[in-house]
Structures are given as C-alpha cells and as structure tokens.
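The values are calculated or read from the model by the stated rules, or taken from the named source; none is laboratory data. Just so it is clear, the structure is predicted and the values come from calculations on it, not from any experiment. Cβ sites come from the backbone with ideal geometry, for glycine too, and all protein chains shown count toward neighbours.
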Number of protein chains: 2
Amino acid sequence: MLTERQRMILNAIVDDYIRSAEPVGSRSISKRGDVGYSPATIRNEMADLEELGFLEQPHTSAGRIPSHKGYRYYVDHLVRLDNLSIDEVGRLKSVFAEKITAMEEIVQHTASILSQLTNYTSIALGPEVFNASLRHFQLLPLNEETAVAIVVTNTGHVENKTVPIPPGISASELEKVVNVLNTKLVGVPLFKLRAQLYNEIGQELSKYVSHVQEMMTMVESILADDSSHREVYLSGTTNILAQPEFQDVDKIKTIWELLEETPALIKVVGSAPTGIQVRIGQENLHEAISNCSMITATYTIDGQTLGTIGVLGPTRMEYGKVINMMNHLSGQLALFMRRWYK
Amino acid sequence: MLTERQRMILNAIVDDYIRSAEPVGSRSISKRGDVGYSPATIRNEMADLEELGFLEQPHTSAGRIPSHKGYRYYVDHLVRLDNLSIDEVGRLKSVFAEKITAMEEIVQHTASILSQLTNYTSIALGPEVFNASLRHFQLLPLNEETAVAIVVTNTGHVENKTVPIPPGISASELEKVVNVLNTKLVGVPLFKLRAQLYNEIGQELSKYVSHVQEMMTMVESILADDSSHREVYLSGTTNILAQPEFQDVDKIKTIWELLEETPALIKVVGSAPTGIQVRIGQENLHEAISNCSMITATYTIDGQTLGTIGVLGPTRMEYGKVINMMNHLSGQLALFMRRWYK
DNA sequence: GGTTAGCACTCGACTGTGATGAGTGCTAAC
DNA sequence: GTTAGCACTCATCACAGTCGAGTGCTAACC
C-alpha cells in the first residue's frame, strides 16, 4: 500500500519524533542521510502521507508528527528490534537470578526493573488466583469473638482475613470445621469452592457441629472474594513527569487518577491477549490514556494466562526497545514459571 | 510577645491566605470587618510583623504571606478548631461502623476517607508488628523443593513467604519441626523470636530431626525480616495536583518520588511522637516536603504506639479543619483498638 | 516522468513596550 | 494613636514587531 520510499520516510519521521518530541521537518530528514532525497521530494511524500492519514501537522508552518495510524504502521511494519545492551540483559536476568521467595515478588521486581530500564511507568498484575486450587485452609481464633482465616493455594499464594466468630461456637467446634473443610476441599479449584461447599460440606458438617447455618455463612464469607482478588504493582509512576507531553498538570491528573484506581487498572491491563500486545492511543480501553501507548506481556503456565505486565508511556514511545525487553522478559518469565510450578 | 491587635491581624492574614492562596493586602483585611482599623494602620502593623519574622513579602508591591514562623504561631496560638460538619463526622464514623475484618483495612480505609474529606494526601502506617507475639507458625510444602511459611501474630497479622526446603528433609520431618516451634514459640514477642530460637529450639529439634543446621537457617530466614516489615497506605495522591502551589512539575516530582519510596516515608511519618503533631515546612524530616505541612496522629494501645496516620498538604493547609478531624479520628481509633484487642 | 532549486508565504515563539492596577511606605493632618 | 493622601514599585497583560523553521507551489532540470 505504501511505496518503499514512503515507508522509509515514515520510518525516519517516527524515529526522529520519538527521539526529539518535536515536529520533524523535511530538511532534517534529508540531512539524516539514510533517505537520499532532497527536502522538496520529501515534502511531496510527506503531503501524501498526511493525506493517507499517517502523519499530522500541528500547524501550517511546522513539521509533521506521526498520527496514531502512523504509529500503528510503524509498529506493525517498520520498527527495528535492535538488540538489548549487555547491561540491560543483565539487569533483566538479575530478577530471576535471585533466590526464589514469593512469586508475587518476582512479578513486582520485574515491574520495577522494567520501569527503570525504560523510563516509563510499569504496571504488573499479580497472578490470577482464580484457577488455582485450595492447598490448605486454616482458622485461628484470636479471642472469643474473632479469628484469622487463612487460605493457601497450590501456587503458594496466601490470602488472609479476620472474621467474627458466630456466637455460641466453641474452639473445638471450629477445629472440627477446619478439619472437615481440609479433607473435603483441598485440591478443589477456588472458583468451584462455593458450589462444593453447599453440595458436600453442609450435611457433613451437621454431624460434628451445632450451628451449621452460621458456620456455613462464615466460611462462605471467607471464600467469597478470594477468587477475584488481584494484586496490582505500580512502578516508576514519576517517570511520566519527565516526558515533555506530560508537562500539563491536568493530563497528569487524569492519568494518575487511573493509576490510583485498581479496578479500572485491572480492566485496562488485564484485558490484554496472551503474548506481547501494543496498544496505541485510543486503542486503549480507558479515556485517560488515549494519548498514551501501552505494551503488555502476559505470563502463562501451560498456555493458561496467569497475569500481565505492562509498560505505559506516551504514544511517542521507544517501541523497538520496549517490545524487545518485553519479548526477553516473556521468555524468562515462562522459564521461571515452569521451574516454579514444576 | 505580640499585641492583641497584631495577633488579630496575623490571624486574618493566615486565614485569608489559606483560603485564597494569594498574598493578602492591607485593604482586604480592613474590609473584612473583624479587624476594625484602616488599611494604613494595618500596613504599619504588617511591617512590624514582617520585621518580627511572621510575614513575608513576595515582592515590594504585593501583599503579605505568612512565613513558616507565622504558620507556627498561628497553629500554636490562633487557630480556631471549628466543629466538624454533621456530614464529616458521619463519614469519619462510617469507617468504624463497618463490619470488622482486618485491622489493616481499617487503617487503610481511614486514610482514604481522610484524604477525601481534606482534599490532601494521606499516608497511613500499618501497625507495627514488632511488639506483637507469635500466635501460630505453619509450613506447607508445595512440592519437593518449596514450601509456604506462614506466621500469624496475636494481633491477627499474617505474614507469608515462600522458602526452599533444604534437600533431604522429608515432609514428616517438616511437620515435627513445625510442632516443636509452635509449642515452644507461641506467645513469644516477635523481636525475641530469633534469640529464643537459638537458646531453646536447637537442641530440642535435634531429638526429632536429622539436618538440624539446615532447618535452623531456614526457620531463621523466615523469621528474619518479619519484625521490621511495615505496610504503607497512600491515598489521595492526586489531590496535591489541585493545589496552586504545586503546578510546577518539578515540585510534584520530588514529592512524588518521596511518596514512592516506602522506607523514606516510614521515616518521615513514623518518627512522629504520640498524639497529634503538626510539622510545618522545614520541620519535616525530608527535603522534598520542606514546603509542605504534615499533621500526624498516632494510634496506640495501652500507651504503646502501633502506627501513624498523616495528612500531607501545602504549608497553606486548613490547619483548623484537619487538626479537628485528626482529633476526632484519634479518639475513634483508640476506641476501636480497645475493642479489637479486648 | 520523476526530482530538485527557488521563492513567497504561514505561523508559532520570542522580545520589547506601554498601560494597568494592586499594594506599599511615608508624611502630614486629625 | 489613627488615618487620609500620595508618590512609588512591580507583576501582569495586551499588543506589535521580528525571527526563523518549515511549508506548498512552480518552473527548471536530468
């Protein structure tokens, strides 16, 4: 659809603009050397590219800047995935070289390194516990009225919650309940827990315990929100302040308000498909970042998506570099996951 | 030290400036009515107050703004603690009216309400676990190589960590270790755990288990950082963007970088003494907020400080309103703590 | 026909100037 | 001790003029 020369020029403009954040003129492209034409020729092509919707002109006597469509074409057809520097590879690997502690930490740490290397903001969604299964259930009374409930999944994820103990229930009864739940529910996927609870546990419990109904509602309240709960890790949120396009306090505010709002973030980042995904401008699912780009990578185990790591920056993002890092990271994460879950 | 008239004028200037964020002139004070003097008289007093260091003048032909010393005097001697509105009291109480779940949630929720009511940023330090004692210890193997360790305190706080299992240790041995630890260590304050571990547990363990040394290092690594670990909850971080003094991206950046750095925050907020504390400008312990004010309140149990909740805003803060809220909150929190810990 | 030099034109960014007005300090009168 | 009056200061704003980067178009060139 575009001629080779048009592609070269578009590529040059996007590259220059990404570096300088300033409209690119015909003369500066001609001088670069890799496009061997005079400014006049380039101007003609630029006019064509603008007509086709790949470029925009802030005002008559300014150079051109890429449109969203232009960025899209650049990402899809032009971007060069230069190799990462030794230093960058090293720092990416350093995350996984550490002693394994919690998987959440790995994800969080990855986000942190990513934001440092890219100078953009990174957003990581912790592993989805939805598909995990119950590994252990525990109920520890703190006093006569409250107890701590702990749910551990087979992925090593721990959730805890303080719950009131229904009146008239003794410690020994609680213990029996915990035993029944553990023998009956261990290995059951979290999202099936509640169904299982009613089908199998109800009558079983009535053999050992008096206030069955109260116990059931208590246990249900514990299991209720665990399957949907997700951790969000932000890193490098101040990085966007260094970008010239975000010198305006209003823009910063709308973006930041999104970053503060966990559910919206989960929607924006978590909806990304498996693999590496580039969302440019309005392709994003939230108004606040309609002049940002986001590059996401999912981490999976056995083809099952666990979570997502995203980098958020201006549409004028260093796509090549970031995509590269995400690729690299994706591979490392996959390796790590395999080791982690065996 | 100040005459009654000077105090009135200083009070009027600070009040006006807090409202308008603009230098206050002699005429506008004269017109307010509560100071019944002509602009000329007020000008004379203003010149004196400036000489004494309570006021500053941005430039010759501008009005006056309070200096840090002026704010300090205002807070110490002049500020009127007007009553909170019914709505405000209601919203503050709403936090504690909810069903009690985790204490962390209460703290977090309090911070959130506080930032909404004040339109400033609030910072809450979760309860210090240092003084809590061990309620329960657990070690759940996930596979042959890793296990989840869970530490529960008597305050209902749960910490968890994934640790590698030393090679050559069987599941049944792990179980024995857990039993020994629970019988010997429950009730011991967290900060004494490690000492206790070496004094009492070592030889006890050798009766049941083969690789004692490896087990000990593993257990130690679990207990290592738990006593210093603290949660920080931020809320309303975008609120400062609405303040006219923070329209400058550079200023925003330095403040935000502080907010992103948990250890520094803990130092800044956590160093506040028991009770309500107002820190104005350079009184704060960090350069980044040397033109901010912070009002902190601690929450305690039996005179023992557990944590701190702070409100961060410009030095031009609505001291009266915020101090009032903090007072109110402090009382509510104390009540809550008593109920919570029994 | 594609390419390029030349040129008039556009328009934002910057600079300098003058007007405006809020606010002051000082003096003298009350 | 208080206040009216007045000259003075200085940030802010609107306006005009200059500059220069960059364009679009035309005509000449290969």
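The residues listed here are A:335, A:312; of these, the one that is touching a Cys at 6+ places or on another chain (Cβ under 6 Å) and either at pLDDT 95 or above or more than 14 Å from chain B (Cβ to nearest Cβ) (or both) is A:312. What do you reckon, is residue A:27 within 16 Å of DNA strand C (Cβ to nearest atom), within 23 Å of residue A:243 (Cα to Cα) and either without any contact (Cβ under 8 Å) to a residue 60 or more places away in the chain or of a type outside the set (Lys, Arg) (or both)? For residue A:27, the condition - within 16 Å of DNA strand C (Cβ to nearest atom), within 23 Å of residue A:243 (Cα to Cα) and either without any contact (Cβ under 8 Å) to a residue 60 or more places away in the chain or of a type outside the set (Lys, Arg) (or both) - is not met. The numbered conditions (1) among the hydroxyl-bearing types (Ser, Thr, Tyr); (2) under 26 Å from residue B:252 (Cβ atoms); (3) not in a strand (DSSP E or B) are all true for residue A:274 except (2).
For region B:13-24, a residue qualifies if it is in contact with a helix residue (DSSP H, G or I) (Cβ under 6 Å, 6 or more places away or on another chain) and near DNA strand C (Cβ under 10 Å from one of its atoms), and exactly one does: B:24. Of the numbered criteria (1) surrounded by fewer than 19 Cβ atoms within 10 Å (Cβ to Cβ); (2) among the acidic types (Asp, Glu); (3) within 13 Å of DNA strand C (Cβ to nearest atom), the one residue B:82 fails is (3). Across region B:54-75, what is the total count of residues that are free of Cβ contacts under 8 Å to residues at least 40 places away in the same chain and under 15 Å from residue B:280 (Cα atoms)? Of the residues in that region, 2 qualify. Determine if region A:64-77 includes at least one residue that is over 18 Å from residue A:278 (Cβ atoms), within 16 Å of DNA strand C (Cβ to nearest atom), modelled with pLDDT of 95 or more and surrounded by 13 or more Cβ atoms within 10 Å (Cβ to Cβ). Yes, because at least one residue in region A:64-77 is over 18 Å from residue A:278 (Cβ atoms), within 16 Å of DNA strand C (Cβ to nearest atom), modelled with pLDDT of 95 or more and surrounded by 13 or more Cβ atoms within 10 Å (Cβ to Cβ). Checked against the criterion of being in the same structural domain as residue B:315 (by TED's automatic domain parsing) and touching a helix residue (DSSP H, G or I) at 6+ places or on another chain (Cβ under 9 Å), the candidates B:92, B:49 yield just one match: B:92. Could you check region A:49-62 and list, in sequence order, the residues that are more than 12 Å from DNA strand C (Cβ to nearest atom) and surrounded by 11 or more Cβ atoms within 10 Å (Cβ to Cβ)? A:49, A:50, A:52, A:53, A:54, A:55, A:56, listed by residue number.
Taking residue A:9 as the residue in question, decide whether it is near DNA strand D (Cβ under 10 Å from one of its atoms), more than 24 Å from the chain's Cα centre (by Cα), surrounded by 15 or more Cβ atoms within 10 Å (Cβ to Cβ) and over 30 Å from residue B:165 (Cβ atoms). Here the answer is no, as residue A:9 does not meet what is asked.
When the residues of region B:31-48 are filtered to those that are touching a residue at least 12 places away in the same chain (Cβ under 8 Å) and within 9 Å of DNA strand C (Cβ to nearest atom), the one that is surrounded by the fewest Cβ atoms within 10 Å (Cβ to Cβ) is B:40. Can you give me the ranges of the helices (runs of 4 or more DSSP H) entirely in region B:92-211 with at least 3 residues that are surrounded by fewer than 16 Cβ atoms within 10 Å (Cβ to Cβ) and within 14 Å of another protein chain (Cβ to nearest Cβ)? In region B:92-211, the matching helices (runs of 4 or more DSSP H) lie at B:171-185. Whether any residue in region B:76-87 is touching a residue at least 60 places away in the same chain (Cβ under 8 Å) and closer than 30 Å to residue B:214 by Cβ is what I want to check. No, there is no match, as no residue in region B:76-87 is touching a residue at least 60 places away in the same chain (Cβ under 8 Å) and closer than 30 Å to residue B:214 by Cβ. Taking the criterion of being β-branched (Val, Ile, Thr), over 9 Å from residue B:288 (Cβ atoms) and either more than 10 Å from every other protein chain (Cβ to nearest Cβ) or within 17 Å of the chain's Cα centre (by Cα) (or both), the residues of region B:245-267 that qualify are B:262, B:266.
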